[in-house]
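Visitor: Mind having a look at this structure? Questions to follow.
The values are calculated or read from the model by the stated rules, or taken from the named source; none is laboratory data. Everything numeric in this text was worked out from a predicted model, so none of it was measured. When we count neighbours, we look across all protein chains shown, and the Cβ atoms used for this are built from the backbone with ideal geometry, even at glycine. The protein model used for the area step is the full one, side chains on, heavy atoms only, and it has no ligands, DNA or RNA in it. Shrake-Rupley method; radii C 1.70, N 1.55, O 1.52, S 1.80 Å.
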Amino acid sequence: MFYNYNMCGIVGYIGKKSALPIVLEGLKRLEYRGYDSAGVALWDQGSGKILWEKTTGRVAALETRLSEKSWESHTAIGHTRWATHGKPSDKNSHPHADCAENIFLVHNGIVENYAELKEALTREGHVFRSETDTEVLVHLVERELTMGNGKVVLEDALPEALRHVIGTFGLALISKNDPGKIVVARRGSPIILGLGEKEYLIASDASAIVEHTKNVVYLHDNEMAVLTPEDLKIYNFSKKILNKSIDKIDWDLESAQKGGYKHFMQKEIFEGPEALRNVLRGRILSDIGKVKLGGLKDLEKKLKNIKRIIITACGTSYYSGLIGKYYFEEFAKIPASVEHASEFRYGNPAIGEGDAVILISQSGETADTLQALREAKKRGALTLGIVNTVGSTIARESDAGVYNHAGPEIGVASTKAFISQVGALSLIALYFAGNRGTLPETLVNKILPELKLMPGKMEQILKKDKEIKKLAKKYLKYKNFIYFGRKYQFPVAMEGALKLKEISYKHAEGYAAGEMKHGPIALIDENFPVFALVPKDAVYEKTISNIEEIRARGGKIIAVATEGDEKIKKLADDVVFIPETLEALSPLLSVIPLQLFAYHTADLLGLDVDKPRNLAKSVTVE
Ligand code: F6R
């Protein structure tokens, strides 16, 4: 069974055992998801108070702090954070508390309208301690409990508070004034309830609780639960009691962490649609046909004067940058170029004021990209980061930027990060276009709604997983591959080839389809399969001619083409069809069969998919 995508980790316990060790152990099990900070809140038996502790760093750092205390508790909630809003710091760590430090809350997900809510709550006198989106939730609950409208228990106040929230949440809270219970709620971010003998556990992910119980209840969206040592009650947000069935988890710890998938890479390919939803979330204002990017809003005037864009990155991030170049030129009519960060930094680049240098990095720590950033800053260019890891060095040192919100990527081969980088680049280019009025309204009104449809279209391709595995089997014996495409498909071809070579150790090259006849076509014979990326776009006919040239030389063709394309069926040995979309957004679809093909090839060969030889997830050396 596959289950939902999730970023940070939540664990809670209520029952007769000592809660803190169970929660800390559970948090450690969730650290594979991200570990920039951790915290707990618990009912202390001795003092009868709620005590809390939180810190930047791993759960071990939290444990060290707690080792100095003699807290004893049977009720606790805890959190391990992977920052989305607000850098990793003690004050941004969860739990968050209300003004009076009565209510303590941990949260996974994103509150899209937190800025508006924070402003309103501040006007009402609430005092915020952190930069997070989460903190508004606890103040909203406080407001309901102190507004004098009869709400005295958490389970009454919470649904009222959540009515104001746009976004996603899986959350747990405890309150001094409402002892002996934990209340949890869910919309979009998973919450699992574990059922023991006179004890209950909560977790955002089964791996935190499989050791303690196999009996679980999955909370669905817009449901909440009240847990006491004796009882578990589940409600919808209208306080109607729900009778839910108990499921049995039959996973061990490792497969629980992979969400039932065999490898992290496979799981992350399947998280691609959600990664795209997350990068788009709250950033498309459909009603006015505009893009909103909080990270760039203070630069509006400066951005208008940008004359040229230079994108620089490494590996997969570089390939997403190549797609970004087309976006900036097509949408915003700004000259754009893309350079490998390792070349840029030593190339004595002629850049300065009036130039924007965009750094793309999943980890935010890649040494070459970081040095390129420093070089660009030294020369007076405006630096903008597209970074997945909040608070990473590149995120901190860039003048401004946009976070991907793709969640931690654990497989060494980058997959969902690529998807979210392309999403972020399209948004930034549309934002520039909006500033400059370079894109006709009709086109903006086509692109924005289509962007929102893309995750659904991606999911349709993921359903072809078995078909693509069969293809991987069929072509397993071949040692060399070429991937080709034109325009938007050219970077995808290079990304597809990189995926195959880095995890299956097969030789693969990505080429601009039109370049084949200038040399590489000499390689083609019946032992050299070619992946032809040929969706119905402006260069379709040209790519078809290139396919004909390969066929004439006995080459085998695996095509990635648009559904309903009858012509390609006759030309290719095999075809993977993808849904129809706008040319500019087609990379978000065509890359998926290539990711799956690489994954299955490596897996069928019995290779270590998540940790390919000679590679590291984050390359912090030159
Ligand atoms: C390929 C891959 C690498 C990274 C590259 C840049 O699958 O993962 O090519 O894309 O090392 O890493 P980041 O994006 O972290 O700067």
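Visitor: Largest first, how would ASP252, ASP465, ASP90 line up by accessible area (1.4 Å probe)?
Guide: Values: ASP252 90, ASP465 30, ASP90 60 Å².
Largest accessible area first, the list is ASP252, ASP90, ASP465.
Visitor: Could you list the GluC sites (Glu not before Pro) in the range 145-203 that lie in coil according to DSSP, counting only those with at most 12 other Cβ atoms within 10 Å of their Cβ? Display every interim value, and only then the final one.
Guide: Numbers: sites: GLU155, GLU160, GLU197, GLU199; in loops: GLU197.
In loop regions of the range 145-203 (DSSP not H, G, I, E or B), the sparsely surrounded GluC sites (Glu not before Pro) are GLU197.
Visitor: Then there's this: Positive end of the dipole of the chain, charges at C-beta (+1 Lys, Arg; -1 Asp, Glu), about the Cα centre: which of PRO612, LEU476, VAL279 has its Cα farthest in that direction?
Guide: Final value for the positive-end residue is LEU476.
Visitor: Report the equivalent ellipsoid semi-axes for the range 544-612 in whole Å, largest first, defined as the square roots of five times the eigenvalues of the gyration tensor built from alpha carbon atoms.
Guide: Working: eigenvalues 124, 65, 19 Å².
Semi-axes, largest first: 25, 18, 10 Å.
Visitor: Another question, if that's okay. Can you find, among GLY12, VAL106, LEU24, the residue farthest towards the positive end of the dipole of the range 1-148? Put +1 on the C-beta of Lys and Arg, -1 on that of Asp and Glu.
Guide: LEU24
Visitor: Would you calculate the volume per residue, in Å³, of the smallest convex hull containing every Cα atom of the range 294-350? Don't skip to the answer; put the middle values down first.
Guide: Details: hull volume 5.7 nm³, N = 57.
Here the figure is 101 Å³ per residue.
Visitor: Dipole size in debye (nearest 20) for the range 9-256 around its Cα centre, Lys and Arg Cβ +1, Asp and Glu Cβ -1?
Guide: On the way: 30 positive and 36 negative charges, 30 e Å.
The calculated dipole for the range 9-256 is roughly 140 debye.
Visitor: Under the definition of Cα pairs under 8 Å and six or more residues apart, what whole-number percent is the relative contact order of the range 475-515?
Guide: Values: 64 pairs, mean separation 19.0, N = 41.
So the answer I get is 46 percent.
Visitor: Taking the alpha carbon gyration tensor of the range 101-162, what are the square roots of 5 times its eigenvalues, largest first, to the nearest whole Å? Walk me through the intermediate numbers first.
Guide: On the way: eigenvalues 66, 36, 22 Å².
Output for the range 101-162: semi-axes of 18, 13, 11 Å.
Visitor: What order do you get for 221-230, 503-512 when each peptide is scored by the mean count of other beta carbon atoms within 10 Å, highest first?
Guide: Details: 221-230: 18.2, 503-512: 20.7.
Packing order, densest peptide first, comes out as 503-512, 221-230.
Visitor: Roughly how tilted is helix 315-331, in degrees to the nearest 10 and between 0 and 90, from the longest Cα axis of the chain?
Guide: 80
Visitor: If you place +1 on the Cβ of every Lys and Arg, -1 on the Cβ of every Asp and Glu, and leave all else neutral, what size is the dipole of the chain about its Cα centre, to the nearest 20 Debye?
Guide: Working: 83 positive and 80 negative charges, 181 e Å.
With only Lys, Arg, Asp and Glu charged at Cβ, the dipole is about 860 debye.
Visitor: Sticking with this structure for a sec: Under the rule a/c < 1.5 gives rounded, and otherwise a/b versus b/c splits prolate from oblate, where does the range 49-159 land using the Cα gyration tensor?
Guide: Details: a/c = 2.22, a/b = 1.35, b/c = 1.65.
Note, shape of the range 49-159 comes out oblate.
Visitor: Here's something else I'd like to know. Let me check I have the definition right: for the range 302-398, take the eigenvalues of the Cα gyration tensor, multiply each by 5, take square roots. What are those semi-axes in whole Å, largest first? Write down the numbers at each step before the final one.
Guide: On the way: eigenvalues 68, 44, 33 Å².
Its equivalent ellipsoid spans semi-axes of 18, 15, 13 Å.
Visitor: Mean residue ellipticity at 222 nm from the helices of the chain, using -39,500 (n - 2.57) per DSSP H segment of n ≥ 4 over the full residue count, to the nearest 500 deg cm²/dmol?
Guide: Working: 20 runs with 221 residues, N = 622.
The helix-only estimate for the chain comes to -11000 deg cm²/dmol at 222 nm.
Visitor: Also, quick follow-up: Starting from the residue with the highest accessible area, list HIS107, HIS220, HIS85 in decreasing order, probe 1.4 Å.
Guide: Numbers: HIS107 5, HIS220 105, HIS85 35 Å².
Result, largest first: HIS220, HIS85, HIS107.
Visitor: For a quick check of understanding: with a 1.4 angstrom probe and all protein chains in place, what accessible area in square angstrom does GLU549 have, to the nearest ten?
Guide: 50
Visitor: Tell me the relative contact order for the range 293-377 as a rounded percent, counting alpha carbon contacts under 8 Å between residues six or more apart. Please report the intermediate quantities before stating the final value.
Guide: Numbers: 112 pairs, mean separation 31.2, N = 85.
Taking the mean separation of contacting Cα pairs over the length of the range 293-377, I get 37 percent.
Visitor: Could you tell me which residue out of GLY423, VAL216, ILE550 lies farthest along the dipole of the chain toward its positive end? Charges go on the beta carbon: Lys and Arg +1, Asp and Glu -1, centred on the Cα centre.
Guide: ILE550
Visitor: The range 394-442 to the range 588-602: how many Å between their Cα centroids?
Guide: After rounding, the separation between the Cα centres reads 21 Å.
Visitor: With all protein chains present, calculate the accessible area of TYR35 using a 1.4 Å probe and round the result to the nearest 10 Å².
Guide: Answer for TYR35: close to 110 Å² accessible.
Visitor: Something else: Probe radius 1.4 Å, ligands and nucleic acids ignored: give me the carbon and sulfur share of the accessible area of the chain as a rounded percent. Show your work: numbers first, answer last.
Guide: On the way: 11760 of 23600 Å².
Solvent-exposed carbon and sulfur of the chain make up 50 percent of the total.
Visitor: Treating only the Cβ of Lys, Arg, Asp and Glu as charged (+1, +1, -1, -1), what charge dipole size does the range 264-456 show about its Cα centre? Round to the nearest 20 debye. Before the final figure, lay out each step's value.
Guide: Working: 24 positive and 20 negative charges, 107 e Å.
With Lys and Arg at +1 and Asp and Glu at -1, about 520 debye.
Visitor: Calculate, axis by axis, the spread of Cα positions in the range 172-284 along the three principal axes, and write the results as whole Å, longest axis first.
Guide: 41, 39, 27
Visitor: Given C-alpha coordinates of the range 446-566, what is the ratio Rg to Rh with the Kirkwood estimate of Rh?
Guide: Numbers: Rg = 14.8 Å, Rh = 15.2 Å.
Over the Cα atoms of the range 446-566, Rg/Rh equals 0.97.
Visitor: Ordering TYR483, TYR326, TYR235 by how much accessible area each has at a 1.4 Å probe, largest first, what is the list? Before the final figure, lay out the partial values.
Guide: Working: TYR483 0, TYR326 55, TYR235 25 Å².
Output order, biggest surface exposure first: TYR326, TYR235, TYR483.
Visitor: Among the listed pairs LYS28/LYS262; LYS181/LYS267; LYS87/LYS307; LYS466/LYS556; LYS542/LYS567; LYS91/LYS118, which have their C-alpha atoms separated by more than 25 angstrom in this model? Walk me through the numbers before you get to the answer.
Guide: Values: LYS28/LYS262 21 Å; LYS181/LYS267 34 Å; LYS87/LYS307 31 Å; LYS466/LYS556 21 Å; LYS542/LYS567 14 Å; LYS91/LYS118 16 Å.
Distance filter (> 25 Å) returns LYS181/LYS267; LYS87/LYS307.
Visitor: Rounding to the nearest 10 and keeping the result within 0 to 90°, find how far the Cα-based axis of helix 465-474 lies from the longest principal axis of the chain.
Guide: Rounded to the nearest ten degrees, it is 40.
Visitor: For the Cα atoms of the chain, what angle does the longest principal axis make with the long axis of helix 367-378, in degrees from 0 to 90, nearest 10?
Guide: Between the helix axis and the principal axis of the chain, the angle is about 90 degrees.
Visitor: Can you list, bin by bin at 5 Å, the percent of alpha carbon pairs in the range 9-256, starting at 0?
Guide: Histogramming the range 9-256 at 5 Å steps yields 1, 7, 15, 20, 22, 18, 11, 5, 1, 0 percent.
Visitor: Once a ≥ b ≥ c are taken as the square roots of the eigenvalues of the Cα gyration tensor of the range 264-456, is the result rounded (a/c under 1.5), prolate (a/b larger than b/c) or oblate (a/b not larger than b/c)?
Guide: Working: a/c = 1.79, a/b = 1.06, b/c = 1.68.
The shape class here is oblate.
Visitor: Rounded, prolate or oblate: which fits the range 342-459 when a ≥ b ≥ c are the square roots of the eigenvalues of the alpha-carbon gyration tensor, with rounded for a/c under 1.5 and prolate only if a/b beats b/c? Display every interim value, and only then the final one.
Guide: Working: a/c = 2.50, a/b = 1.26, b/c = 1.99.
In terms of gyration-tensor shape, oblate.
Visitor: Taking one equal scatterer on every alpha-carbon of the chain, how large is log10 of I(q)/I(0) by Debye at q = 0.10, 0.12 1/Å?
Guide: Debye curve over Cα of the chain, log10 I(q)/I(0) at q = 0.10, 0.12 Å⁻¹: -0.91, -1.22.
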